1. In a Debye calculation with equal point scatterers on the alpha-carbon sites of segment 41-103 and no solvent, what is log10 I(q)/I(0) at q = 0.12 Å⁻¹?
2. Out of 24, 65, 36, whose Cα points farthest toward the positive end of the dipole of segment 18-67 (charges: +1 Lys, Arg; -1 Asp, Glu; placed on Cβ)?
3. Would segment 93-138 count as rounded, prolate or oblate if I go by the C-alpha gyration tensor, calling it rounded below 1.5 in a/c and otherwise prolate when a/b exceeds b/c, oblate otherwise?
4. Determine one quarter of the surface area of the Cα convex hull of segment 67-154, which equals its mean projected area, and express it in nm² to one decimal.
5. Fewest Cβ neighbours within 10 Å first, please rank 112, 102, 40 accordingly.
6. Quick one: order 96, 26, 84 by neighbouring beta-carbon count within 10 Å, fewest to most.
7. Quick one: grab the alpha carbon gyration tensor of segment 13-189, order the square roots of its eigenvalues as a ≥ b ≥ c, and give me rounded if a/c is under 1.5, else prolate or oblate depending on whether a/b is larger than b/c.
8. Filter the trypsin sites (Lys or Arg not before Pro) in segment 83-152 down to the DSSP loop ones having no more than 10 other Cβ atoms within 10 Å, then list what survives.
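Please treat every number below as a calculation from the coordinates, not as lab data. As the structure is a computational prediction, the values presented were derived from the model and not from experiment. Virtual Cβ from ideal backbone geometry, glycine too; neighbours counted across all protein chains shown.
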Amino acid sequence: MRESTAAIARKEESPRFQRIKKELLSSRVHLCPERAYLITDYFKHHDNPRDPMIIRKAKALRYLLQRKSVRIYHDELVVGNMGSWRISAIIQPELSGVFMATDLLWIDKRKTTPLLVSWRDRLRLLFGVFPYWLLRNMPVRAFSGRRRELLRYVLEQLKAAYYLINEAGGIGHFLPNYEKMLKLGVKGYL
């Protein structure tokens, strides 16, 4: 029989769970460039453009997983990490991650979801990673031959009201306050 939400809420948290929760709640979110570096390196130096895209992406994933750092944190029973920090936001420059370049210089100072990242990584992203993907990213490929539509898309992505709320940007996740949304409706929420 399924337990009700109230019954689950009444259960005590284990000491291990409490330690993990405390650590997570006290950790700041970091922008992790590791994936962006590895994917860019693969496509710059090891990619075969004659292969079908599905094969190219599979080989890039293999390259990434063979070289990615692994962190196993104390008390974890199920391990694995998206980024090189306890709480990381990854960058997917081959998708739409390039559009965050305009935000990169002050990303640690923004009001909503500030992300910590070293100046060394910011500069490496701005001058090494993003230039490579500027004309190779997903939107540029999707709007190939339709410059006006691409320009409109890019301009929309630079306005906070139009940021993608999905995986295309690769810069974080958006989880709305569902309780508030149900009470106020979408228009009341905005």
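1. -0.43
2. Towards the positive end, the residue furthest out is 24.
3. Working: a/c = 2.95, a/b = 1.56, b/c = 1.88.
Oblate.
4. Numbers: hull surface 31.4 nm².
That works out to 7.8 nm².
5. Numbers: 112 7, 102 11, 40 24.
Going from least to most buried by this count: 112, 102, 40.
6. Details: 96 25, 26 8, 84 16.
Lowest count first: 26, 84, 96.
7. Working: a/c = 1.83, a/b = 1.19, b/c = 1.55.
In terms of gyration-tensor shape, oblate.
8. Values: sites: 86, 109, 110, 111, 120, 122, 124, 136, 141, 146, 147, 148, 152; in loops: 86, 109, 110, 111, 136, 146.
Answer by residue number: 109, 111.
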